[in-house]
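Scroll down for the structure; my scribbles are underneath it.
The values are calculated or read from the model by the stated rules, or taken from the named source; none is laboratory data. Just so you know, these numbers come straight off a predicted model, no measurement behind them. In this analysis, Cβ positions are derived from the backbone assuming ideal geometry, glycine residues included, and neighbour counts consider all displayed protein chains.
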Amino acid sequence: MRAKNVAACISLVIVALMSGFTTAVAQAPQDWTQFRGPGSMGVVDDANLPVNWSRTENVAWAAEIPGRGWSSPIIVGNLVIVTTVISSVEQETAQGGLYFGGERPAPTDSHRWVIVGVDWASGAIRWQTDVHSGVPARGRHLKNSFASETPVSDGERIYAYFGNVGVFALDLKGNVLWEKRFEPARTRYGWGTAASPVLYDDRLYILNDNDEKSFMVVLDAATGDEIWRIDREEGSNWATPYIWENNLRTEIVTSGTDKVRSYDLEGNLLWELAGMSSITIPTPFSKFGLLYIASGYIGDQRRPVFAVRPGASGDITLGENEMNSEHIAWFLPQGGPYNPSPIVYGDYYYTLYDRGLFTSHDARTGEPIYGRQRITRGGTGFSASPWAYDGKIFALSEDGDTFVIKAGPKFEILGVNALDEFTMATPAIARNSIVIRTLSKLYRITFESNIEDNERLIR
């Protein structure tokens with residue numbers, strides 16, 4: 001993330017995301033405990049989910065959420081969890097789209113960093129836990145928030161990370177079990193933070209790439225004790241790391257402007273790859289035995305997508321004019337998105353771009369299925385990552401409109417669902433419901449006939 005084009009166009013970071021385990025087909029889970037759910041894929045094998053909704057249609061409830069935060073909701077037991085930061089004064093209105101001049105200095109008013117537990121059945125706030133209060137030490141971009149990192153859960157504890165404050169472990173009643181504070185650090189252009197924590201095998205992995213001293217630290221999930229920590233030769237990045245369970249080993253993959261790096265579970269470097277764009281936000285993920293890595297700052301000519309095979313070691317950077325290699329199955333020089341993470345659904349690799357364009361490639365070979373198609377003629381932007389079920393892909397715009405796109409080799413828009421409020425958070429999906437976060441609300445979307453069945457699932 002070395003943007004020479006200054007602090008421009010930033011649909012920021014908020015799509016920083018959680019990663020998890022590789023699964024052949026994501027099943028409709030009882031819980032949704034990280035960004036984009038199992039495998040960080042955003043795919044649900046469940047046809048009993050609405051395709052149409054509005055502020056009143058197919059809405060089980062809509063809850064008011066105080067403050068501001070672009071972390072995604074997670075679903076744990078009978079709770080929906082979100083993080084937020086509440087200012088003591090009225091905040092400047094969020095502005096969508098891509099633009100220069102969004103940097104804001106550190107505020108001078110007091111803020112509260114809060115974790116909110118919302119009742120799954122009713123939408124009532126069950127508990128609200130303050131974990132920090134004070135004047136923010138650093139600024140942020142206008143489109144960012146001080147609560148952009150998505151929490152993660154193991155079903156027993158909730159782990160909420162705020163990049164310039166620290167990480168907090170809570171039980172399901174909202175009690176703080178342990179905390180670990182981090183010194184605030186400068187980020188590029190003062191845009192703030194967004195990379196989310198990753199939970200794997202009773203360990204919590206936290207990546208903090210900044211403009212002072214970047215590091216990755218691993219904590220014991222039960223106690224918060226530090227297991228290991230490594231320094232990183234990287235500046236500010238906003239991409240969440242990904243735990244890649246492949247058929248040879250388990251790796252921790254970190255996207256970065258300087259280099260993509262993969263480590264073993266003890267922090268030893270396995271391989272590295274240069275050639276990303278100057279700002280790196282999308283989360284890596286895997287399917288068909290390939291690891292998909294993308295970055296696409298819109299001011300760069302270099303906006304790559306790499307499909308990496310397991311087993312690499314050392315420097316696997318492609319040479320000039322190379323399109324593949326022993327360890328890179330395929331490469332798109334200008335296929336990467338800026339904010340939204342791509343998605344693989346069926347046999348196709350789909351890319352949603354911030355300016356409302358959509359493409360499809362063969363997920364195994366990288367061959368184009370169709371070129372850039374325009375979702376909307378309006379000026380709306382897209383920051384949330386797409387999700388898929390029932391033969392359809394869903395793209396949520398910053399205006400709160402969800403465009404329903406037919407999956408397959410031909411591009412077709414099937415409908416549009418409006419919530420009429422600014423949003424940048426990627427939804428959560430569980431128990432025949434979709435949970436969508438807008439600027440001020442949290443919606444649980446489901447068929448009315450599902451509501452009673454859903455309650456039985458968590459009793």
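Out of (1) buried (at least 17 other Cβ atoms within 10 Å of the Cβ); (2) at pLDDT 95 or above; (3) β-branched (Val, Ile, Thr), the odd one out for Ile10 is which?
(2)
Tell me, which residue of the stretch 120-164 that is out of contact with any Lys or Arg (no Cβ under 7 Å at 6 or more places or on another chain) and acidic (Asp, Glu) is nearest to Arg203 (Cα to Cα)?
Among those that are out of contact with any Lys or Arg (no Cβ under 7 Å at 6 or more places or on another chain) and acidic (Asp, Glu), it is Asp154.
Could you please find all residues in the stretch 307-334 being of a type outside the set (Phe, Trp, Tyr), buried (at least 18 other Cβ atoms within 10 Å of the Cβ) and farther than 27 Å from Asn268 by Cβ?
Listed by number, the list holds a single entry, Leu332.
Can you give me the ranges of the strands (runs of 3 or more DSSP E) entirely in the stretch 385-455 with at least 2 residues that are within 16 Å of Ile74 (Cβ to Cβ)?
428-430, 433-437, 441-445
For the stretch 347-370, which positions are crowded, with 16+ Cβ neighbours inside 10 Å, part of a strand (DSSP E or B) and in contact (Cβ under 8 Å) with a residue 24 or more places away in the chain?
Across the stretch 347-370, the qualifying residues are Tyr348, Tyr349, Tyr350, Thr351, Leu352, Phe358, Thr359, Ser360, His361, Ile369.
Can you spot a residue in the stretch 430-439 that is of a type in the set (S, T, N, Q), surrounded by fewer than 24 Cβ atoms within 10 Å (Cβ to Cβ) and closer than 27 Å to Ile298 by Cα?
Yes, the stretch 430-439 contains a residue that is of a type in the set (S, T, N, Q), surrounded by fewer than 24 Cβ atoms within 10 Å (Cβ to Cβ) and closer than 27 Å to Ile298 by Cα.
Here are Asn339, Asn324: which of them is under 23 Å from the mean Cα position of the chain (by Cα) and assigned to a loop (DSSP other than H, G, I, E, B)?
Numbers: Asn324 fails: under 23 Å from the mean Cα position of the chain (by Cα).
Going through Asn339, Asn324 in turn, the sole match is Asn339.
Test each condition in (1) within 17 Å of the chain's Cα centre (by Cα); (2) modelled with pLDDT of 95 or more for Gly166 and report the one that comes out false.
Result: Gly166 passes all but (1).
Run down Thr402, Thr426 and say which single residue is in contact with a Ser or Thr (Cβ under 8 Å, 6 or more places away or on another chain), under 20 Å from Tyr345 (Cβ atoms), at pLDDT 95 or above and of a type in the set (Val, Ile, Thr). Give the steps one after another, and end with the answer.
Working: Thr402 fails: in contact with a Ser or Thr (Cβ under 8 Å, 6 or more places away or on another chain).
When all the criteria are applied, what remains is Thr426.
Could you tell me which residue of the stretch 244-290 is farthest from Val344 (Cα to Cα), considering only residues that are surrounded by 15 or more Cβ atoms within 10 Å (Cβ to Cβ) and of a type in the set (Asp, Glu)?
Once the filter is applied, the top-ranked residue is Asp258.
Let's see how each residue does on (1) touching a Phe, Trp or Tyr at 6+ places or on another chain (Cβ under 7 Å); (2) hydroxyl-bearing (Ser, Thr, Tyr); (3) modelled with pLDDT under 95:
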| position | (1), (2), (3) |
| --- | --- |
| Ser255 | no, yes, no |
| Asp264 | no, no, no |
| Leu273 | yes, no, no |
| Phe306 | yes, no, no |
| Phe331 | yes, no, no |
| Gly335 | no, no, no |
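Which numbered condition trips up Ser72, out of (1) in contact with a helix residue (DSSP H, G or I) (Cβ under 8 Å, 6 or more places away or on another chain); (2) of a type outside the set (Asp, Glu); (3) under 20 Å from Thr423 (Cα atoms)?
(1)
Taking the stretch 30-43, which residues are in contact with a helix residue (DSSP H, G or I) (Cβ under 9 Å, 6 or more places away or on another chain) and modelled with pLDDT of 95 or more?
Within the stretch 30-43, Trp32, Gln34 meet the criteria.
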